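Student: Have a look at the structure that comes next, please.
The values are calculated or read from the model by the stated rules, or taken from the named source; none is laboratory data. Treat the numbers as computed from the prediction; the structure is a model and nothing was measured. Backbone-built Cβ (ideal geometry, glycine too); neighbour counts: all protein chains shown. The area values use the complete protein model at the heavy-atom level, side chains included, leaving out ligands, DNA and RNA. Shrake-Rupley method; radii C 1.70, N 1.55, O 1.52, S 1.80 Å.
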Amino acid sequence: MEIKLAFLLFTTLLISMVACENKSQQKATTIPQADNAAYLEKGKKIAGATFTALSGKLQAAMKEGGVANAIQYCNLAAFPLVDSLSKVHHADIRRTSLKVRNLKDAPNADEKTILEAYEKSAQAGKALKPLVREIDEQSVAFYAPIKVNNLCLQCHGKVGETLAEKNHAFIQQFYPEDKAIGYADGDLRGMWSIRFSKGVGNKENNE
Ligand code: HEC
């Protein structure tokens, strides 16, 4: 009898401890405003650096051998380049879209929700802002819209208009399931999805 009672007491205590811990964890997971601002800054820096690196290489490849050369370059080098920048920034850097060219860039459930919200805002003519969301207690995700400019149209534009038919045929050789065409200047093309860990170290890296 006594053992049973002691066991009952013990389990009740254990349950209340676990419940309590859950509560404190929930509290710890909301991002304080100052941290949010720091994560936004960090995300913007990483996205900016990656964009500069990618578009620099892209323009050099186009200059060297035209659009076809640049397409081959993107096909081979976009992922390794982004991967190496991920290492440099201690972050997981991705580009994703509702209409992807490379299936590896297809959005996960969270990304799809954000992409759809951006698309809705874009259609309503609202400004699209970068944002930070919590992934778990250790990490956050930074999202920011990617818009199309004139340079992009040579590979993502309207077939037979801004995107030459021969280039489109070339793209289809590498990406038979390509959906990333038909865009016009200023359209929403997709977004950055960058994950990194929370914490003081990150804020220091930021400065
Ligand atoms: C020379 C052709 C070319 C140009 C110009 C170009 N892209 Fe791309 N883009 C590609 C290719 C090829 C891929 C697939 C890369 C891969 O396989 O990793 C791609 C992939 C992407 C992706 C990743 C999502 C997906 O659909 O797979 C985004 C976002 C993107 N491009 C945006 C842009 C933007 C914005 C510009 C203009 C600043 C641009 N691209 C200019 C060829 C191009």
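Student: Could you sort Leu76, Leu188, Leu98 by accessible area so the largest value comes first, with the probe set to 1.4 Å? Before the final figure, lay out the partial values.
Tutor: Numbers: Leu76 130, Leu188 20, Leu98 75 Å².
These residues rank, largest area first, as Leu76, Leu98, Leu188.
Student: Let me ask something additional. I'd like the distance between the alpha-carbon centres of region 86-114 and region 139-181, rounded to an integer number of Å.
Tutor: With region 86-114 and region 139-181 each reduced to a Cα centre, they are spaced 15 Å.
Student: Please give the solvent-accessible surface of Val159 in Å², to the nearest 10, using a probe radius of 1.4 Å with every protein chain present.
Tutor: Rounded to the nearest 10, the figure is 60 Å².
Student: Sticking with this one: Which length gain, in nm to one decimal place, applies between Glu41 and Thr113 when the Cα-Cα distance is subtracted from 0.36 nm times their residue separation?
Tutor: Stretched fully, the Glu41-Thr113 segment lengthens by 23.7 nm.
Student: At what distance in nm do the modelled label points of Asn75 and Asp92 sit from each other, each positioned 7 Å from its Cα along Cα→Cβ?
Tutor: For Asn75 paired with Asp92, the spin-label model returns 2.8 nm.
Student: If the only charges are +1 at each Lys and Arg Cβ and -1 at each Asp and Glu Cβ, what is the size of the charge dipole of region 33-205 around the Cα centre, to the nearest 20 debye?
Tutor: Here the size comes out at about 240 debye.
Student: For Lys147 and Lys57 in one chain, what is 0.36 nm times their gap in residues minus the Cα-Cα distance, to one decimal in nm?
Tutor: Fully extending the segment from Lys147 to Lys57 adds 30.6 nm.
Student: Just to confirm a number: summing +1 for Lys and Arg and -1 for Asp and Glu over residues other than Arg101 whose beta-carbon lies under 12 angstrom from that of Arg101, what do you get?
Tutor: +2
Student: I would also like to ask the following. Would you pull out the residues with amide H under 5 Å of Val100's amide H, same chain only if 5 or more places away, H placed 1.01 Å from N?
Tutor: Residues meeting the amide H criterion: Lys179.
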